[in-house]
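Peer 1: Quick one: the structure is below, questions incoming.
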Amino acid sequence: MGDLQSLRVFINCLDQLTLPRILQICSGVYFQGSVYELSGSEVCLSTGDLVKIISLELLSVSCEEIDTGTSIDLPIQYSGQFRLIAEDLPYSTIEEIVGLCPVGVDAFGSFTFFSSSELTVDNFTLPAGKHLTLLSVEFDDDGERQARCQLVGQNVASAEIQLPLSLKGDFYECEEDRGYTLQEITSSVRLSSRRFRSTNMKNSGGPLIFSPVYEIKAIMQLRKDIVKFPSSLEVDVQDVTEQFQNLVFITPLSMAEVASQPKEFFPTMAEILEGPEGNPFFNCSWFQELQKGRHLVLHGWGDTPMVLASTPKGRKGKQYFLISHGYGGQMRRRAREFRSVYELYLAFSQSPGLKASVLQDCEEVEEEGIPALSVGEHLEVLGMESVDRLEDQSGAAQKVDRLICKRTIEVDDKDDQDDSEELALPLFMAGHFVEKLSDNKKYRLTDLMNSSLPRDVKVVIQDKELKKDPLMGLPALKLEETFNEMTVLTSLPNKPDCCFELPVHWLKMSLFFTSDHLPWSIGEPPKLHVETVTEVSENFYHEYHKLTSKFEEPPPRPPKRKPFASEAPKKSPKSRPSISLPNLVSAMSEQLEDLSVGQTKAKRPPALLPLDNTLGYPPPLLPRKNTSIAESTSQPNMYVKRPSMAQNSARRLSDQDHDYEYIDDILKNTMIAS
């Protein structure tokens, strides 16, 4: 049984290689009774309690001025230095010096001393005040221990002298000039208990003594969780490790430590000590069960192949899933949509032989190398090439990446063959395309995991092993990428056959093994049903991509368009006439500005611009003019017939799903108001 000493002294002298150590609380000064509110948990230290110290972490260093008793905490990285103060009391023998001071030159200096009187050793006389540095302890020919010392200031071999340990005298420690850092002081056995003076204060300032402050992680005999408290508590302890070696303490385990246990150890029972910390990464039902004190059945662990999947953004936002390779549902591939040629290129690079159909007309822009496309045309991606394009009159060339495609136009007449040609699409070109799929097969998840991802799919047959398949009924599901995750197969005691997989690296929780009996008869384990789909949060999705450092390069910016002043835009003979949205708005605005009372009486309003139904969006809303009744002095236009109430009602009923006005209504209302 160890000696009674304060907790601070015991921890400062403790060799951390000997952990864990069992301490018994003997006495002490307790704040607020005997309860400490530390690190978010109450720690009660009472006389007789047994504490098992499992680890130490250096927090700071307490610096106390001996004369005044004041102390401050200094960070470990404190850059100031301190000078060692020599002891005032003399050593009476060389053996006392060797017993109290380290022997040999180390990284933090050695012990240097002098004798206050003249010494005679054999035939050698050592003058008083001569400085000696202790080098080592050796044995002479007669087996007697002697201290080998070196005369300070002498560099020859003859300057060394052997002093017998029994030599008596008044030996004083020499004052040192070198400075020590906090890290050197706290890591040296010789320096940690010595007095120092700041090098910035010269001879002023009182002597200082340093005490490291550790955060102690320990297990208490009557508590299940890990407690943390500083080593500066005024508590007297006694080391009783040898007497209580067979005492059973609860051993908290992280998820990674659980997954490192031998597989023969499973299945077993466990209890949660600390629930998951931090932001929740899981939106599934089993995550709500991981509460402190909850019992679990651990069936085993393994390296599980998984797929990270996501849904398109809908009313409920995007959803994210981890799908285990054991998922038994069946899926059909779903055609992907692309909003640019660059997206076509990315898909082609992942799955060669890509075919797509054009969903939106595109007019030709010859100076930018953009060809005309029509709805219904089929494209087969062949490859990519880089070409030089003349930018302006100076002849400066710019590299442009183009996607080479084979365009096919279907002909209704069976006797005629489809027309096909090759064309080049710049990567910066916008458009709307949809993938053409050549099969309508149903795939298992394992089949798609072995192919190139990402893939867009739709679950058409649910996993019959799941009571409710969360993937069934989703309009689309994007299988993004595969990865292996260490998981622990777990279930609840009241439903031992319904298992779920706990991802080890994504759950910061601790538990301990219990001696409870498994919830089934001996030798009759239940048939396990694994929940293979785990819904995760958006935080998980982003954190996963941060850890894997996977990102896609942004689409290339289109080259600046610099046509010659004399050039006029040319239309493709193959493209149908259409008007872009900005030009349509500009033309309508000019027509509305030209309308006035005098003009409407003198001539007919200009004809409306034709609407292009291929734009795929409704006409724009024009801003209304805020004109008060008092400011309006113009007479109503008597040449324009007002629409009847029945017509207006019919129009409102037919257009109740739209929040825009037709162009002819805008013009008529403007003319009426004029």
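The values are calculated or read from the model by the stated rules, or taken from the named source; none is laboratory data. Nothing here was measured: the structure is a model prediction, and the numbers come from that model. Because the Cβ atoms are built from the backbone with ideal geometry, glycine has one as well, and the counts that use them run over all protein chains shown.
Peer 1: Taking the conditions exactly as written (farther than 30 Å from Pro496 by Cα and not in a strand (DSSP E or B)), does Glu215 satisfy them or not? So that I can check it myself, show each step before the final result.
Peer 2: Details: farther than 30 Å from Pro496 by Cα: yes; not in a strand (DSSP E or B): no.
No; evaluated as a whole, the condition is false for this residue.
Peer 1: Filter the stretch 126-143 down to residues that are modelled with pLDDT of 85 or more and part of a loop (DSSP other than H, G, I, E, B) and give me whichever is surrounded by the fewest Cβ atoms within 10 Å (Cβ to Cβ).
Peer 2: Here the residue is Pro127.
Peer 1: Let me ask something else about it. Specify the residue that is modelled with the highest pLDDT; the eligible residues are those in the stretch 1-33 that are among the hydroxyl-bearing types (Ser, Thr, Tyr) and either surrounded by 15 or more Cβ atoms within 10 Å (Cβ to Cβ) or not assigned by TED's automatic domain parsing to the domain that holds Pro230 (or both). Step through it out loud before you land on a result.
Peer 2: Of all residues in the stretch 1-33, those among the hydroxyl-bearing types (Ser, Thr, Tyr) come to 6, 18, 27, 30.
Filter again for either surrounded by 15 or more Cβ atoms within 10 Å (Cβ to Cβ) or not assigned by TED's automatic domain parsing to the domain that holds Pro230 (or both), leaving 6, 30.
On the way: Ser6: 88, Tyr30: 48.
Top of the filtered list is Ser6.
Peer 1: Which one is modelled with the lowest pLDDT among residues in the stretch 374-424 that are among the charged types (D, E, K, R), part of a strand (DSSP E or B) and surrounded by 11 or more Cβ atoms within 10 Å (Cβ to Cβ)?
Peer 2: At the first step, the residues of the stretch 374-424 found to be among the charged types (D, E, K, R) are 377, 380, 385, 388-389, 391-392, 399, 401-402, 406-407, 410, 412-416, 418-419, 421-422.
Then keep just the ones that are part of a strand (DSSP E or B); that gives 380, 385, 388-389, 399, 401-402, 406-407, 419, 421-422.
Now drop any that are not surrounded by 11 or more Cβ atoms within 10 Å (Cβ to Cβ), which leaves 380, 385, 389, 401-402, 406-407, 419.
Details: Glu380: 89, Glu385: 88, Arg389: 70, Asp401: 87, Arg402: 89, Lys406: 90, Arg407: 89, Asp419: 74.
So the residue we want is Arg389.
Peer 1: Which one is surrounded by the most Cβ atoms within 10 Å (Cβ to Cβ), of the residues in the stretch 265-318 that are of a type in the set (S, T, N, Q) and either without any contact (Cβ under 8 Å) to a residue 40 or more places away in the chain or closer than 20 Å to Glu485 by Cα (or both)?
Peer 2: The selected residue is Thr304.
Peer 1: Among the listed residues Thr112, Thr125, Thr133, identify the single one that is closer than 30 Å to Gln77 by Cβ and not assigned by TED's automatic domain parsing to the domain that holds Tyr78. Outline the logic, then answer.
Peer 2: On the way: Thr125 fails: closer than 30 Å to Gln77 by Cβ; Thr133 fails: closer than 30 Å to Gln77 by Cβ.
Testing whether each residue is closer than 30 Å to Gln77 by Cβ and not assigned by TED's automatic domain parsing to the domain that holds Tyr78 leaves just Thr112.
Peer 1: Restricting attention to the stretch 326-341, does a residue exist that is out of contact with any Pro (no Cβ under 8 Å at 6 or more places or on another chain), hydroxyl-bearing (Ser, Thr, Tyr) and at negative phi? Write out each step before concluding.
Peer 2: Filtering the stretch 326-341 for residues out of contact with any Pro (no Cβ under 8 Å at 6 or more places or on another chain) gives 326-339.
Filter once more, keeping what is hydroxyl-bearing (Ser, Thr, Tyr): 327.
Remaining after also requiring at negative phi: 327.
Yes, the conditions are met somewhere in the stretch 326-341.
Peer 1: Here is a list: Glu535, Glu501. Which entry is at pLDDT 90 or above, surrounded by fewer than 19 Cβ atoms within 10 Å (Cβ to Cβ), assigned by TED's automatic domain parsing to the domain that holds Val258 and in a strand (DSSP E or B)? Lay out the reasoning, then the answer.
Peer 2: Working: Glu501 fails: surrounded by fewer than 19 Cβ atoms within 10 Å (Cβ to Cβ).
After applying the criteria, what remains is Glu535.
Peer 1: Another question about this same structure. Inspect the stretch 463-477 for any residue being in a strand (DSSP E or B) and in contact with a helix residue (DSSP H, G or I) (Cβ under 9 Å, 6 or more places away or on another chain) and give the result as yes or no. Before the answer, list the steps.
Peer 2: Quick first cut of the stretch 463-477, residues in a strand (DSSP E or B) only: 477.
Subsequent filtering for residues that are in contact with a helix residue (DSSP H, G or I) (Cβ under 9 Å, 6 or more places away or on another chain) retains none.
Looking for residues that are in a strand (DSSP E or B) and in contact with a helix residue (DSSP H, G or I) (Cβ under 9 Å, 6 or more places away or on another chain), one finds none in the stretch 463-477, hence no.
Peer 1: Between residues in the stretch 169-189 that are part of a loop (DSSP other than H, G, I, E, B) and residues that are acidic (Asp, Glu), which pairs lie under 9 Å by C-beta distance while being six or more apart or on different chains?
Peer 2: These pairs meet every condition: Ser188/Asp106.
Peer 1: Output the residues belonging to the stretch 42-86 that are of a type outside the set (A, V, I, L, M, F, W, C) and closer than 30 Å to Val248 by Cβ. Spell out the reasoning first.
Peer 2: Going through the stretch 42-86, the residues of a type outside the set (A, V, I, L, M, F, W, C) turn out to be 42, 46-49, 52, 55, 57, 60, 62, 64-65, 67-71, 73, 75, 77-81, 83.
Scanning the stretch 42-86 gives Glu42, Ser46, Thr47, Gly48, Asp49, Lys52, Ser55, Glu57.
Peer 1: Here are Ser188, Ser204, Ser158, Ser193: which of them is touching a Phe, Trp or Tyr at 6+ places or on another chain (Cβ under 6 Å) and at pLDDT below 85?
Peer 2: Numbers: Ser204 fails: touching a Phe, Trp or Tyr at 6+ places or on another chain (Cβ under 6 Å); Ser158 fails: touching a Phe, Trp or Tyr at 6+ places or on another chain (Cβ under 6 Å); Ser193 fails: touching a Phe, Trp or Tyr at 6+ places or on another chain (Cβ under 6 Å).
Step by step, each of Ser188, Ser204, Ser158, Ser193 is checked, and only Ser188 is touching a Phe, Trp or Tyr at 6+ places or on another chain (Cβ under 6 Å) and at pLDDT below 85.
Peer 1: Among the residues of the stretch 110-127, what is the count of those that are over 15 Å from Tyr91 (Cα atoms) and of a type in the set (A, V, I, L, M, F, W, C)? Don't jump to the end; show me each part of the working.
Peer 2: Filtering the stretch 110-127 down to residues over 15 Å from Tyr91 (Cα atoms) leaves 110, 118, 120-127.
After this cut, where a residue has to be of a type in the set (A, V, I, L, M, F, W, C) as well, the list is 121, 124, 126.
Qualifying residue count, the stretch 110-127: 3.
Peer 1: When Gln319 is evaluated against the numbered criteria (1) in contact with a Phe, Trp or Tyr (Cβ under 6 Å, 6 or more places away or on another chain); (2) farther than 26 Å from Pro526 by Cβ, which criterion, by number, is the only one it fails?
Peer 2: Against the list (1) in contact with a Phe, Trp or Tyr (Cβ under 6 Å, 6 or more places away or on another chain); (2) farther than 26 Å from Pro526 by Cβ, Gln319 comes up short only on (1).
Peer 1: Same structure again: Which count do you get for residues in the stretch 506-532 that are more than 17 Å from Met255 (Cβ to Cβ) and outside any loop (DSSP other than H, G, I, E, B)?
Peer 2: So the first thing to find is which residues in the stretch 506-532 are more than 17 Å from Met255 (Cβ to Cβ), and the list is 515-532.
Checking the rest, the ones that are also outside any loop (DSSP other than H, G, I, E, B) come to 529-531.
Qualifying residue count, the stretch 506-532: 3.
Peer 1: Right, something else. Tell me which of these Ser115 doesn't satisfy, since it passes every other one: (1) among the small types (Gly, Ala, Ser); (2) modelled with pLDDT of 90 or more; (3) surrounded by fewer than 16 Cβ atoms within 10 Å (Cβ to Cβ).
Peer 2: (3)
Peer 1: Looking only at the stretch 62-99, which residues are loosely packed, with under 12 Cβ neighbours inside 10 Å, among the hydroxyl-bearing types (Ser, Thr, Tyr) and over 45 Å from the mean Cα position of the chain (by Cα)?
Peer 2: If the condition is that a residue be loosely packed, with under 12 Cβ neighbours inside 10 Å, among the hydroxyl-bearing types (Ser, Thr, Tyr) and over 45 Å from the mean Cα position of the chain (by Cα), then Thr68 is the only one that fits.
Peer 1: Now for a different question. If Leu165 satisfies all but one of (1) modelled with pLDDT under 85; (2) outside the structural domain of Thr70 (by TED's automatic domain parsing); (3) surrounded by 14 or more Cβ atoms within 10 Å (Cβ to Cβ), what's the number of the condition it fails?
Peer 2: (1)
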